[in-house]
Amino acid sequence: ADFKSALQEVLAQRGELVIYEVVDESGPPHDRTFRISAKVAEVEVGSGSGRSKKDAEQEAARVALEALAK
């Protein structure tokens, strides 16, 4: 599933945009872990971590979707 696209669609209906921000990078260059914050109107709606920025963004989007669905 592509959580980023799903989140974008949900937010588009509200006229809102999501911005992904790298809040932390850890580990050696060949083995990094990224922590990404998904923000809507300057408010964090989800965060995630992963071995790539893309993975971390997907995780953040998944968390945000769950939060918005409540």
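The values are calculated or read from the model by the stated rules, or taken from the named source; none is laboratory data. Model, not experiment: these values are computed from the prediction. In this analysis, Cβ positions are derived from the backbone assuming ideal geometry, glycine residues included, and neighbour counts consider all displayed protein chains.
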Worksheet item: Residues 60, 6, 56, 64: which one is touching a residue at least 40 places away in the same chain (Cβ under 8 Å), part of a helix (DSSP H, G or I), on the phi < 0 side of the Ramachandran plot and in contact with a Ser or Thr (Cβ under 8 Å, 6 or more places away or on another chain)?
Response: 60
Worksheet item: For the stretch 15-70, which residues satisfy the criterion of being surrounded by fewer than 13 Cβ atoms within 10 Å (Cβ to Cβ), at pLDDT below 95 and touching a helix residue (DSSP H, G or I) at 6+ places or on another chain (Cβ under 9 Å)?
Response: 69
Worksheet item: Is there a residue in the stretch 15-34 that is within 18 Å of residue 3 (Cβ to Cβ), assigned to a loop (DSSP other than H, G, I, E, B) and not aliphatic (A, V, I, L, M)?
Response: yes
